[in-house]
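Read-outs throughout are calculated quantities, based only on the coordinates presented, and are distinct from any laboratory measurement. Everything quoted here is computed from the prediction, not taken from an experiment. Please note: Cβ atoms are built from the backbone with ideal geometry, for glycine as well, and neighbour counts cover all protein chains shown.
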Amino acid sequence: MMDEARRQEVQSWLDKALQDLQSAEWLLESPHNLYNAIGFHCQQASEKALKAYLTWREKPFEKTYSLVALVALCLPFENHFETLRQAATTLSPYAATIRYPGDLPNITKEEATEAIRLVKQILEFVVEHLPSD
């Protein structure tokens with residue numbers, strides 16, 4: 001059972017994650033080939049979902065874009081988070097893709113579509129592992 005303030009904070013993280021996912025899905029339908037932006041939003045949504053879980057568990061986390069590091073922080077509470085390691089590894093680099101030129105090659109439509117699939121996997125997993133209240 002969560003206290004109300006923590007429940008609201010967790011919900012706020014999840015709401016922001018969902019907004020990033022919805023942005024990514026909307027951009028995929030755009031005729032403008034904004035695939036790097038999709039990758040960025042997918043990384044952001046995943047980061048916020050994992051931070052929602054850590055907030056529920058009252059586990060402090062530093063400001064990080066590394067989804068792999070966030071998954072590692074979740075593992076002591078639920079070892080099944082290990083199943084998200086590959087998704088985290090794929091999505092983590094997208095935090096910088098559109099912000100810094102030359103760090104990664106442009107994301108393809110296929111990679112953007114896969115990023116959306118992966119963030120949905122992470123979000124669903126996190127929500128399943130949160131209390132229903």
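Just a few scattered comments:
- Proximal charge balance of A17 [Cβ under 10 Å; K/R count +1, D/E count -1]: 0
- Close Lys-Lys pairs in the chain, where close means Cα under 15 Å and separation is 8 or more or interchain: 8
- Ellipticity at 222 nm from helices only: DSSP H runs of n ≥ 4 in the chain, each -39500 (n - 2.57), divided by the residue count, give -21500 deg cm²/dmol.
- Mean sequence separation of contacting Cα pairs (under 8 Å, at least six apart), scaled by the length of the chain, corresponds to a relative contact order of 32 percent.
- Within-15-Å neighbourhood charge of K109 [Cβ basis; K, R +1; D, E -1]: -4
- Using alpha carbons only, the radius of gyration of segment 4-128 set against its Kirkwood radius gives Rg/Rh = 0.97.
- What you get for the chain, charging only the Cβ of Lys and Arg (+1) and of Asp and Glu (-1), is a dipole of about 260 debye around the Cα centre.
- Per residue, the convex hull spanned by the alpha carbons of segment 1-59 comes to 55 Å³.
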